[in-house]
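Inspection log for the structure reproduced underneath, given as structure tokens.
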Ligand code: HEM
């Protein structure tokens, strides 16, 4: 084989490789490429302060709110990308079936009233500027910071989707999924094992219904009875959750599988141990993984709108 042929073969291979990477980035990461932390600096400079103030107020009455808000961002991004679709209510005229009724959200996802309050405050300050999808991304970061966790720069500029996806919402990770299923669901969205272990670290705060827990409900308890996800520091964002896992005491089976599943030893378990021993390392990785999750693009493209009312696509204000 001549040197020039070898060279052109190598060149062609790298062009093909670059094309494949482009396809991957376009299918999952394109939104990230178009986002910028300074997106509202000119059009709505008070955005972060407004979101923070509403969450702080809500937190006084309900300590669980920060946890509930970050979970909304997760359930939004995992279904059709981070496009605020989770916030849409049923709307027969617009042929919209809400994602709020799928098993992972029904009588479980909460905090929608706080998102409404944030949106109302933002519409008062700068009408039609800040997307509902960006509200969820910002609320997630602020919630973690308020609970004592890391803060990070949130890329902004998402647009709101005009449709929901029930099939995909039905496929949200389940607390009863084996580890390989969880890994696959994350991998399909460009998130690796480190992201999985870091992001599940959000179970360092908030509550779960006993029907979803490893020990299930005790006699006489209703299936909706709440338990703290982190029994040591229930409302603080720290790395205690990983210590609980190491003692085999995680609330959700989907938490514990990161140590107990047969494939955990060579995948997730070493990461759990690492984060348990080093909170700084966990915080750093958590922030990186949150930005990655927040970059998941709407598969339908970027033809969304800026909703005036996060629950409706037809521009009606509240
Ligand atoms: C690996 C996949 C995951 C599964 C199977 C899962 C499952 C669950 C379940 C079953 C609950 C309790 C819901 C209820 O009882 O009503 C819960 C709560 C929660 N999840 Fe996850 N989760 C996962 C990943 C995540 C991620 C990636 C985040 C955020 C980055 C997150 C944040 C939370 C928070 C903060 C709560 C408490 C919410 C509240 O108190 O309102 N979870 N999760």
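The values are calculated or read from the model by the stated rules, or taken from the named source; none is laboratory data. Everything quoted here is computed from the prediction, not taken from an experiment. Using ideal geometry, Cβ is built from the backbone for each residue, glycine included, and neighbour counts are taken over all protein chains shown.
Table: residues versus (1) outside the structural domain of residue 108 (by TED's automatic domain parsing); (2) surrounded by 17 or more Cβ atoms within 10 Å (Cβ to Cβ); (3) within 13 Å of the ligand (Cβ to nearest atom).
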site: 206; (1), (2), (3): yes, yes, yes
site: 213; (1), (2), (3): yes, yes, yes
site: 226; (1), (2), (3): yes, no, yes
site: 242; (1), (2), (3): yes, yes, no
site: 249; (1), (2), (3): yes, no, no
site: 257; (1), (2), (3): yes, yes, yes
site: 265; (1), (2), (3): yes, no, no
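In this entry, residue 248 is excluded by the filter for residues that are more than 18 Å from the chain's Cα centre (by Cα) and modelled with pLDDT under 95. Would you confirm whether or not the stretch 290-299 contains a residue that is more than 11 Å from the ligand (Cβ to nearest atom), surrounded by fewer than 16 Cβ atoms within 10 Å (Cβ to Cβ), farther than 23 Å from residue 176 by Cα and outside the structural domain of residue 80 (by TED's automatic domain parsing)? Among the residues of the stretch 290-299, at least one is more than 11 Å from the ligand (Cβ to nearest atom), surrounded by fewer than 16 Cβ atoms within 10 Å (Cβ to Cβ), farther than 23 Å from residue 176 by Cα and outside the structural domain of residue 80 (by TED's automatic domain parsing), which makes the answer yes. Determine whether residue 84 is more than 27 Å from residue 228 (Cβ to Cβ), away from the ligand (no atom under 12 Å from the Cβ) and in the same structural domain as residue 112 (by TED's automatic domain parsing). Yes: the conditions hold for residue 84. Criterion first (within 20 Å of residue 186 (Cα to Cα), in a loop (DSSP other than H, G, I, E, B) and modelled with pLDDT under 95) does residue 105 satisfy it? No: the conditions fail for residue 105.
Answer yes or no as to whether residue 266 is free of Cβ contacts under 8 Å to residues at least 40 places away in the same chain and part of a loop (DSSP other than H, G, I, E, B). Yes: the conditions hold for residue 266.
For the stretch 158-173, the criterion of a residue being more than 12 Å from the ligand (Cβ to nearest atom), closer than 25 Å to residue 288 by Cβ and touching a strand residue (DSSP E or B) at 6+ places or on another chain (Cβ under 7 Å) is satisfied by at least one position. Could you check the stretch 59-74 and list, in sequence order, the residues that are more than 19 Å from residue 238 (Cα to Cα) and surrounded by fewer than 22 Cβ atoms within 10 Å (Cβ to Cβ)? Hits for the stretch 59-74 are 60, 61, 62.
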